[in-house]
Amino acid sequence: MRVPVIRITKRIALYAVMIIMATIFIFPFFWMVSVGIRSGNEIFMEPPLLLPRHIQLFENLKGTLKLFDYFGNLRNTVYVCVLGALGTAISSAMAAYAFARLRWRGKDLFFALTLSTMMLPFAAYMIPYYLMFQRLGLLGTLVPLWLPYCFGAAFNIFLYTQFFRAIPEELSDAARIDGCSEVGIFARIILPNSKTILVTVFVFHVVFMWQEFLIPLIFCPSDEMYTLAVGLQSLQGGSNPPPWELQFLGATIGSIPLLIIFALTSKFFVRGISLSGIKG
Amino acid sequence: MTLLIFLLPWIIGFSVFLVIPMSIALYYSFTNYDVFSPTSWVGIGNYLKLPKDSIYIKSVYNTVYFISIAIPLNLFFSLFLALLLNTGVRGYKVFRTIYFLPFIMPLVAIGMVWRWIFNDTYGILNYLLSAVGIDGPAWLASTQWVKPAIILVNLFLIGQQMIIFLAGLQNMPEILYDAAKVDGANWMQKLKHITLPLLSPVILFNAVILAIVSLQVFTLPYTLSWVATSAGQGQGGPAYSSTFYVMYLYTRAFENLQLGRASAMAWVFFIITVCFTYLLFKLTRRWIFYRV
């Protein structure tokens with residue numbers, strides 16, 4: 001009879017730890033919403049109020065939307081995220097096709113070089129990168145936030161290569177016998193069989209770019225160019241910072257679109273991350 | 001020809017957006033380029049100035065402090081959560097999503113929320129601490145506590161590592177555990193003699209990702225240490241105790257416009273990153289167990 005008792009206690013302990021952890025992880029999120037929808041005089045309280053006594057969502061929302069151009073920032077963010085994600089999803093797939101399915105001299109060396117660029121910190125080359133866009137007359141536009149991604153990225157190339165290698169070679173061979181070109185094979189056989197990974201790379205890039213802060217900080221000097229990350233930062237304000245509840249509501253509405261994207265695509269997201277690690 | 005069609009975009013991406021900027025940065029690092037005055041060659045002058053710059057030294061110290069605690073801590077914590085999730089608990093997916101959630105929140109939003117949680121008078125953290133009889137520190141306003149505070153918030157961002165560990169754990173050969181069970185091994189023994197050795201390549205992979213990300217830490221300290229007073233606004237305080245390498249590099253380059261000098265900092269940073277990653281591979285070689 002003793003064994004089950006121990007097992008049950010262990011089980012309870014396990015769930016207790018997991019629930020405590022979950023509470024801690026949820027808390028900042030809960031707090032963001034809870035402070036964001038309360039009235040200003042419920043902020044500076046000792047002890048702090050866990051839940052607001054008076055919910056004044058609409059009044060706060062009006063205040064927050066006056067502080068920053070939420071919809072403008074959102075539009076910029078979606079614009080650069082989607083263009084960059086489309087660009088990298090296609091260009092990285094092309095490079096990966098060359099690495100995974102074609103035979104050529106110097107392939108292994110170039111692939112190793114490609115992978116090693118994952119280590120390259122953006123900060124190490126951001127100055128000439130910035131000046132390059134200045135020379136091209138592209139400062140003051142959103143182009144630097146999406147164009148560079150239309151030429152492939154090492155991590156995505158790596159993900160695709162893993163995936164492409166698993167597609168049976170016979171499919172390509174059969175098409176080659178029928179006189180199909182490599183471009184045709186890529187477009188008609190490889191891509192249709194890679195929808196999962198295409199979506200994964202797309203979503204990865206959207207989430208990466210949505211969160212990215214340093215790049216828009218450099219390239220978006222004025223508020224009509226802000227992405228949400230920089231727009232939210234501007235909420236922290238200058239010498240006269242806006243009230244906390246408005247900052248928090250800003251953080252909330254700034255997070256919601258990304259959370260929705262994640263909710264819709266979490267399957268791809270988790271699968272993509274897992275795939276990156278298994279052979280890593 | 002066909003090859004070129006497929007490879008051309010990436011050849012452009014690789015050269016125009018990576019190799020060429022890196023090379024130009026190397027060139028700038030030997031000049032006094034600063035936008036305002038004519039550019040001239042200064043040799044290794046910029047590099048020699050770095051050790052004499054006390055804020056620079058401080059930023060290196062802060063970064064070393066950060067990575068030497070944040071990397072092991074995040075590695076340990078993400079493995080811990082993955083092991084918990086891998087016990088076959090009910091509601092596995094719900095817990096996994098919750099632990100993953102902070103990873104997909106905008107970092108700036110996380111920073112904002114924690115600034116208020118850390119508030120020394122009205123923040124909920126110090127309230128909770130006082131409830132158990134601890135007089136909480138001033139956190140973000142304290143030179144001593146600002147780095148631990150940033151490391152604490154950073155600890156919530158273990159989603160990616162946790163998922164990679166989970167994938168590794170779910171990929172374990174069942175047969176070894178069955179054998180261990182027959183031999184009467186307990187949970188700890190199984191962890192030590194089967195799980196960890198088999199998982200060691202994944203641990204290294206996660207350590208490398210964490211190393212690259214942590215060395216570049218920018219957004220979180222930038223947001224958390226944001227101070228706006230009537231005297232002006234800025235970040236990295238108090239007294240530069242949360243100025244990390246990339247933050248200082250950013251300041252030198254885009255606020256002081258000392259592009260030559262900042263380029264020297266950038267190249268030193270590149271070399272540090274490469275050496276650190278290389279060392280990570282080299283030093284762990286003896287402990288890594290690759291399955292055949």
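Among the listed residues A:Gly179, A:Gly140, A:Gly184, identify the single one that is outside any helix (DSSP H, G or I), without any contact (Cβ under 8 Å) to a residue 60 or more places away in the chain and in the same structural domain as A:Ser222 (by TED's automatic domain parsing). The unique qualifying residue is A:Gly179. Are any of the residues in segment A:54-66 touching a strand residue (DSSP E or B) at 6+ places or on another chain (Cβ under 9 Å), surrounded by fewer than 13 Cβ atoms within 10 Å (Cβ to Cβ) and not basic (Lys, Arg)? Yes: segment A:54-66 contains one or more residues that are touching a strand residue (DSSP E or B) at 6+ places or on another chain (Cβ under 9 Å), surrounded by fewer than 13 Cβ atoms within 10 Å (Cβ to Cβ) and not basic (Lys, Arg). Applying the set (1) hydrophobic (A, V, I, L, M, F, W, C); (2) modelled with pLDDT under 90; (3) closer than 18 Å to B:Leu224 by Cα to A:Phe268 leaves exactly one unmet item: (3). Taking the conditions exactly as written (more than 9 Å from every other protein chain (Cβ to nearest Cβ) and not in a helix (DSSP H, G or I)), does A:Met209 satisfy them or not? No, not satisfied. Residues in segment B:133-148 that are closer than 13 Å to B:Pro238 by Cα and assigned to a helix (DSSP H, G or I): B:Trp139, B:Leu140, B:Ala141, B:Val146, B:Lys147.
In segment B:147-170, the count of residues that are more than 22 Å from the chain's Cα centre (by Cα) and either more than 12 Å from chain A (Cβ to nearest Cβ) or at negative phi (or both) is one or more. Assessment of segment B:168-189 against the conditions (of a type outside the set (Val, Ile, Thr) and buried (at least 19 other Cβ atoms within 10 Å of the Cβ)) yields at least one matching residue.
Can you name the residue in segment B:211-228 that is in a helix (DSSP H, G or I) and farther than 17 Å from B:Pro106 by Cβ and, of all such residues, is farthest from the other protein chains (Cβ to nearest Cβ)? Can you show your working first?
Our first condition is that a residue be in a helix (DSSP H, G or I); within segment B:211-228, this holds for B:211-215, B:219-224.
From what's left, farther than 17 Å from B:Pro106 by Cβ: B:211-212, B:214-215.
Values: B:Ala211: 9, B:Ile212: 6, B:Ser214: 11, B:Leu215: 7 Å.
Per the criteria, the residue is B:Ser214.
If the condition is being at pLDDT 90 or above and buried (at least 22 other Cβ atoms within 10 Å of the Cβ), then segment B:226-249 contributes B:Ser242, B:Thr243, B:Phe244, B:Tyr245, B:Val246, B:Met247, B:Tyr248, B:Leu249. Examine segment B:22-36 for a residue that is within 11 Å of another protein chain (Cβ to nearest Cβ), outside any helix (DSSP H, G or I) and among the aliphatic types (A, V, I, L, M), and state whether such a residue exists. Yes, there is a match, as at least one residue in segment B:22-36 is within 11 Å of another protein chain (Cβ to nearest Cβ), outside any helix (DSSP H, G or I) and among the aliphatic types (A, V, I, L, M).
Quick check: anything in segment A:74-94 in contact with a Pro (Cβ under 7 Å, 6 or more places away or on another chain), surrounded by 17 or more Cβ atoms within 10 Å (Cβ to Cβ) and facing another protein chain (nearest Cβ under 9 Å)? Yes, that holds for at least one residue.
Just to be sure before I move on: is B:Val89 surrounded by fewer than 20 Cβ atoms within 10 Å (Cβ to Cβ) and facing chain A (nearest Cβ under 7 Å) in the structure I sent? Lay out the reasoning, then the answer.
Working: surrounded by fewer than 20 Cβ atoms within 10 Å (Cβ to Cβ): yes; facing chain A (nearest Cβ under 7 Å): yes.
So B:Val89 fits the description; yes.
The values are calculated or read from the model by the stated rules, or taken from the named source; none is laboratory data. Because the structure is a prediction, the values reported are computed rather than measured. Cβ coordinates were reconstructed from backbone atoms using ideal geometry, including for glycine residues, and neighbour counts include every protein chain displayed.
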